[in-house]
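The values are calculated or read from the model by the stated rules, or taken from the named source; none is laboratory data. Model, not experiment: these values are computed from the prediction. Cβ coordinates were reconstructed from backbone atoms using ideal geometry, including for glycine residues, and neighbour counts include every protein chain displayed. Quick note on the areas: whole protein, heavy atoms, side chains included, nothing else; ligands and nucleic acids left out. Shrake-Rupley method; radii C 1.70, N 1.55, O 1.52, S 1.80 Å.
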Amino acid sequence: SQKIEQNSEALNIQEGKTATLTCNYTNYSPAYLQWYRQDPGRGPVFLLLIRENEKEKRKERLKVTFDTTLKQSLFHITASQPADSATYLCAPSRRALTFGSGTRLQVQP
Amino acid sequence: DAGVIQSPRHEVTEMGQEVTLRCKPISGHDYLFWYRQTMMRGLELLIYFNNNVPIDDSGMPEDRFSAKMPNASFSTLKIQPSEPRDSAVYFCASSLDRLNTEAFFGQGTRLTVV
């Protein structure tokens, strides 16, 4: 069965550094991969979408890579800020939008 | 548009009672999704609709769960009878496409079954 893995341990970094979050998937080949941000008590909010034929996509301080050979996506936030602290969810999907369990990012001032 | 609207925001009910969660998607969106989020299992897809028709309900945990979409602007998720293990946050989301566009989530309904 298909499996999506994100680091369950929180990632703590200093303000100004680059945060890198990992999303691994197994037993299927997603056509699209989306990343969302979720703040406590709120629904997920869309950040970026990348297609299987794309290697990389950028939006302002965000960058996503999609390696279909490694079955992995990396999500980068450059020049991180305390306001970037949240849980980040990846959704490598083929039939419907299915999510990993998320990684909590904490940016220290 | 006000976004995806869910009601109620919080629901506390006793075991065995019927619970109905409601969702109003964004106008013009063809897809509607119901998710359940818990600490243990993360964000799970329960069911999704396309043009008001249920397409995939393989994520619905048991026959106690049912979902309907009588028209393009309204959907319900019903649990009957409810059990303590159903306690979770339930999200509704809508989108223009199944995978190729962003999904917009509601604020969620926090359900507590005691």
Note down all Cβ pairs under 6 Å where the first residue falls in the range B:1-18 and is more than 14 Å from every other protein chain (Cβ to nearest Cβ), the second is outside any strand (DSSP E or B) and open to solvent by less than 40 Å² (accessible area, probe 1.4 Å), and they're at least six residues apart or on different chains.
-> B:Asp1/B:Ile26; B:Thr13/B:Ser82; B:Gln17/B:Ser82
What number of residues within the range A:1-19 are polar (S, T, N, Q) and more than 14 Å from the chain's Cα centre (by Cα)?
-> 4
For B:Arg85, indicate whether it is more than 9 Å from chain A (Cβ to nearest Cβ), surrounded by fewer than 20 Cβ atoms within 10 Å (Cβ to Cβ) and either touching a Pro at 6+ places or on another chain (Cβ under 8 Å) or of a type in the set (Gly, Ala, Ser) (or both).
-> no
A:Val107 fails exactly one of (1) within 12 Å of another protein chain (Cβ to nearest Cβ); (2) surrounded by 18 or more Cβ atoms within 10 Å (Cβ to Cβ); (3) more than 13 Å from the chain's Cα centre (by Cα), namely (1)
Selection count where residues are among the charged types (D, E, K, R) and not in a strand (DSSP E or B), scope the range A:57-109 = 6
Residues of the range B:89-112 satisfying the condition of being open to solvent by less than 10 Å² (accessible area, probe 1.4 Å) and either under 16 Å from B:His10 (Cα atoms) or more than 10 Å from chain A (Cβ to nearest Cβ) (or both) | B:Tyr90, B:Phe91, B:Cys92, B:Ser94, B:Gly106, B:Gly108, B:Thr109, B:Leu111
Of residues in the range B:57-82 being under 19 Å from B:Gly42 (Cα atoms) and away from chain A (no Cβ under 14 Å), the one surrounded by the fewest Cβ atoms within 10 Å (Cβ to Cβ) | B:Glu62
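Just to be sure, is B:Tyr31 in contact (Cβ under 8 Å) with a residue 12 or more places away in the chain, open to solvent by less than 30 Å² (accessible area, probe 1.4 Å), over 16 Å from B:Thr109 (Cβ atoms) and not basic (Lys, Arg)? Full working, then the answer.
Working: in contact (Cβ under 8 Å) with a residue 12 or more places away in the chain: yes; open to solvent by less than 30 Å² (accessible area, probe 1.4 Å): no; over 16 Å from B:Thr109 (Cβ atoms): yes; not basic (Lys, Arg): yes.
No.
What are the residues in the range A:27-62 that are of a type in the set (Val, Ile, Thr) and open to solvent by 70 Å² or more (accessible area, probe 1.4 Å), if any? Even if it seems obvious, please write down each step before you answer.
Within the range A:27-62, the subset of a type in the set (Val, Ile, Thr) is A:45, A:50.
Passing the criteria: only A:Val45.
Please determine, by comparing only the residues of the range A:78-97 that are over 10 Å from the mean Cα position of the chain (by Cα) and closer than 22 Å to B:Ala103 by Cα, which one is modelled with the lowest pLDDT. Give the derivation first.
Narrowing the range A:78-97 to residues over 10 Å from the mean Cα position of the chain (by Cα): A:78-86, A:93-97.
If we keep only those that are closer than 22 Å to B:Ala103 by Cα too, we end up with A:84-86, A:93-97.
Working: A:Asp84: 98, A:Ser85: 98, A:Ala86: 98, A:Ser93: 89, A:Arg94: 86, A:Arg95: 82, A:Ala96: 87, A:Leu97: 90.
Result: A:Arg95.
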Find all pairs meeting these conditions: Cβ atoms under 6 angstrom apart; at least six residues apart or on different chains; first residue within the range B:66-78 and outside any strand (DSSP E or B); second residue modelled with pLDDT of 95 or more and surrounded by 17 or more Cβ atoms within 10 Å (Cβ to Cβ).
-> B:Ser73/B:Lys24
